Structure formats: C-alpha cells, structure tokens
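Just below is one structure, and these are the notes that go with it.
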Amino acid sequence: MEPSKLPLIAVVGPTGTGKSDLAIALARTLDGEIVNSDALQFYRGMDIGTAKLAPEERGGIDHHLLDIMEVTEEASVAQFQTQARTCFEQIRSRGRVPVLVGGSGLYVRAALDIIDFPPTDPAVRQRLEAEVERHGEAPLRSRLAAVDPISAGRKLDLRRTIRAVEVYEISGRAFSSFMPERRYFQPAIQIGLNLDRTLLHGRLAARVHRMDEQGLETEVRGLIPAGLRTGRTSSRAIGYQQYLDFIDGKLTRESAIEATVIATRKFARRQITWFTADDRVTWLDPTEDGIIDRALEHIQQGTIHS
C-alpha cells in the first residue's frame with residue numbers, strides 16, 4: 001500500500017483498549033506519522049494520568065499535538081481542527097500517511113468531518129456562569145429546554161449546558177443544529193477497538209492502580225504551582241480532580257483511586273456510545289490474534305472501494 005494513495009486513518013474507541021499500540025504498528029507498517037486527538041494529552045505535564053506514551057515508547061514514530069498547551073489553557077475543538085488538518089497536510093507533503101489516534105469523540109469528528117462550529121463569546125459565558133452561581137442550575141436548564149429541547153434531552157453536564165445557552169444567545173440557533181451529518185472532509189477509514197465489558201473494566205481498574213504506583217499524586221502536586229487548580233479543563237480531568245481532592249484531604253488515597261476507577265468506567269461507556277453511533281467505524285477486538293493484519297486488510301479494502 002503506497003502511503004500517498006492511502007486515506008486518512010483513525011484509530012478510535014474507549015480508553016484502555018490499546019489504541020496507541022495499534023496506531024504505532026500501523027504507522028510503522030504504512031510509513032505514517034501519528035496525530036493525537038486525546039484532548040487531555042495536549043497538556044504539558046499531564047502524563048501519568050492521561051496514559052501518555054513517553055518518547056521512548058513511541059516506537060520511533062513521529063507524534064504530533066502532544067504537550068502543546070499549559071494546564072491553565074482551555075482546549076478548543078475549533079482550534080484543534082485547524083491544527084490537526086495542518087498536521088495532515090504536512091505529513092502528506094512528506095509522502096507519508098496521517099494516523100489519527102484518540103478517544104475524544106468530538107475532537108475526532110472535528111478532524112475527520114465537515115463541521116460548522118458554533119460561535120463563542122467569553123463575556124456571554126461568564127455572565128451565564130455568574131447566573132448559575134447566584135441562582136443555581138435549574139433556571140438555566142429550563143431556558144435550554146425552551147430553546148433547544150434536543151440538547152436539553154441529552155442531559156448535558158453543567159458546562160455543556162452553559163455552552164448550549166451561550167450558543168443560542170449569540171447565534172439564535174440551537175446548539176444541536178450545529179452537529180453535522182457524518183461526512184468526511186477527505187477520504188478516511190476509522191478502526192475502532194473495543195473489549196468485553198468485564199475485561200475492559202478490569203483493565204481500567206488495573207491501569208488506575210498502576211497510575212497511582214507510578215506517581216500520579218506527585219504529578220498532580222507538581223502541576224499545582226503551574227496552575228492546575230485554575231485550569232477549566234485540566235482541573236476537572238479524570239484522576240486529576242480526584243487526586244486534588246485527596247491532596248486537599250477530602251478523600252483518602254483509596255477513595256481517590258476508587259473514584260477515579262468509577263469515573264474512568266463511566267467515561268469509557270460514553271466513548272463507546274459515541275463511537276458506536278458512527279456506522280463508518282469498523283470494530284476489532286484487540287485481544288484476538290492478528291489484529292494488525294486485520295486492520296491492514298480493512299485499510300486495503302477501504303482503499304480499493306473508496
């Protein structure tokens with residue numbers, strides 16, 4: 001398979017399924033370079049808690065969009081789209097194939113699909129946040145139900161609810177109206193990894209315990225002076241939020257570990273729901289033999305039929 005004739009390849013699915021390993025193997029075989037789409041791996045210093053591969057673990061493959069932000073910054077899907085597509089163009093210019101990897105569903109779609117991003121206005125958002133501080137969530141959620149029942153029916157968390165009302169106030173359009181049809185901006189193939197639920201849960205629990213042993217507490221303590229507590233995204237990241245509570249004496253180490261395990265399982269469940277809704281994803285079981293060959297076979301078939 002000649003790299004210049006291959007479509008963009010994306011390896012997606014829930015956390016803990018071995019996406020990075022498969023992406024490295026595919027990049028090595030196909031003369032590719034990897035583009036990260038895990039939003040938390042954008043942050044410098046957030047390594048253990050995001051399962052970020054160390055440079056020596058990246059198989060000699062060039063990785064892009066890792067460690068590009070400070071923990072005080074807020075990730076932007078629209079900005080990521082521009083950055084990812086710039087990476088794709090640069091990789092193509094070197095005669096190689098881009099391999100996108102990550103489990104942040106909206107970021108994957110931003111990179112792959114034609115998307116009209118809703119507008120943003122920090123002043124409007126700050127006003128809405130202040131209203132929630134004064135009056136609680138209920139009035140805001142009622143307002144969203146009145147102007148965008150589809151988004152309200154999705155039971156968004158508070159942050160996304162504020163965002164949905166912000167979008168409506170700025171544009172007069174429902175937040176839900178900005179979600180596009182599933183249409184690639186250029187030819188692409190998505191390979192999804194998933195596991196039996198019991199096995200996946202066991203893997204995730206083991207990984208959280210391993211993160212604790214590797215020094216997640218030390219990592220979190222080291223990020224506090226860098227502004228972790230004030231980071232809107234980073235401070236709420238799974239593991240980091242729980243270990244901040246542990247450091248503050250709100251949780252014991254054991255309860256922080258357990259809370260992180262539970263949050264990780266819930267996150268994996270949301271990822272599975274997101275990616276299984278996309279019928280363009282071909283699913284593979286990473287525990288079965290010959291997964292790399294099966295992935296390459298699918299890429300070959302997709303290339304022939306595209």
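Annotations
- Residue-wise HN-Hα couplings along segment 186-193, as the Karplus relation 6.51 cos²θ - 1.76 cosθ + 1.60 with θ = phi - 60° gives them from phi, are 8, x, 8, 10, 10, 10, x, 10 Hz; Gly and Pro carry x.
- Phi angles of segment 127-137 translate, via the Karplus equation with coefficients 6.51, -1.76, 1.60 and θ = phi - 60°, into HN-Hα couplings of 5, 5, 4, 5, 5, 5, 4, 7, 10, x, 7 Hz per residue; Gly and Pro are given as x.
- In the chain, helices alone account for a calculated mean residue ellipticity at 222 nm of -16000 deg cm²/dmol, with every DSSP H run of four or more residues adding -39,500 (n - 2.57).
- Residues whose amide H comes within less than 5 Å of that of V12, counting only those at least five positions distant or on another chain, are I191, G192, L193 (H built at 1.01 Å from N in the peptide plane).
- Amide H contacts of V35 (H built 1.01 Å from N, in plane; Pro and chain starts excluded): H64, V99, L100, V101 sit under 5 Å, all sequence-distant by 5 or more or on other chains.
- Euclidean distance between Cα centres, segment 250-306 to segment 173-198, Å: 13 Å
- Between the listed residues I162, F185, A174, the Cα displaced farthest toward the positive end of the dipole of segment 121-188, a dipole computed from Cβ unit charges relative to the Cα centre, is found at F185.
- Cα centroid separation, segment 47-109 to segment 206-221 (Å): 23 Å
- Computed about the Cα centre, the dipole magnitude for the chain is approximately 700 debye when only Lys and Arg (+1) and Asp and Glu (-1) carry charge, each at its Cβ.
- Taking the charge dipole of the chain about its Cα centre, with +1 at Lys and Arg Cβ atoms and -1 at Asp and Glu Cβ atoms, the residue from V77, A206, A295 reaching farthest to the positive side is V77.
- Counting charges near G102 (Lys, Arg +1; Asp, Glu -1) among other residues having Cβ under 13 Å from its Cβ returns a value of +2.
- Under a 5 Å amide H cut-off, with hydrogens placed 1.01 Å from N, G215 pairs with nothing among residues at least 5 apart or on other chains.
- For segment 199-269: relative contact order, % (alpha-carbon pairs under 8 angstrom, 6 or more apart): 35 percent
- HN-Hα J in Hz across segment 61-66 - Karplus 6.51, -1.76, 1.60, θ = phi - 60°, x for Gly and Pro: 8, 5, 10, 10, 6, 10
- Identified option (computed Kirkwood radius over Cα pairs in Å; candidates (i) 25.0; (ii) 20.6; (iii) 19.7): (ii)
- Checked against a 22 Å cut-off, the cross-linked pairs K155/K266; K155/K250; K52/K266 give Cα-Cα distances beyond that limit for K155/K250.
- Distance between modelled label sites at T287 and M179, nm, 7 Å Cα→Cβ extension: 3.1 nm
Bear in mind these aren't lab numbers, they're just calculated from the coordinates by the rules spelled out. This is a predicted model, so every value here is computed, not measured. So basically every Cβ, Gly included, is an ideal-geometry build from the backbone, and we count neighbours across all protein chains shown.
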